[in-house]
Amino acid sequence: MTKIAMSPAKEQRQDESPLEECFDTLGEAHDENVFSAIERLVQAGEHVGFTVHDLIRMLNSGLTLESLFDVIEVRMVGSCVHRIQDRIN
């Protein structure tokens, strides 16, 4: 009889209870949500002229995430005001 080769991760999951497997799946989904949120933050920062390194530097220097959102928001509003003024003039 031939034994089918299985990956170590799959073998480990077979030993887990359904509850443990559910927690693993939720953890993976949580990681995807975190990555998606970081990606959106980087995109918003780049939209207003920050690089990824700028964002990391600001957070490492002690700026809170909430304050970083505020800085990005202020820049977004400022860029909209400049566009409106350019159209008026």
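What FRET efficiency do you get for ARG40 and ASP15 if R0 is 35 Å and r is their Cβ-Cβ distance, rounded to the nearest 0.05?
After rounding to 0.05, the efficiency reads 0.40.
Return the distance in nm (one decimal) between the two label points of a simple spin-label model at ASP24 and VAL48, each offset 7 Å from Cα along Cα→Cβ.
It works out to 4.1 nm between the two label points.
Taken together, the values in this text are just the output of simple stated rules run on the coordinates, not laboratory data. Predicted model, so just to flag it, every value in this text is computed and none were measured. Neighbour counts run over all protein chains shown; Cβ positions are idealised from the backbone, glycine included.
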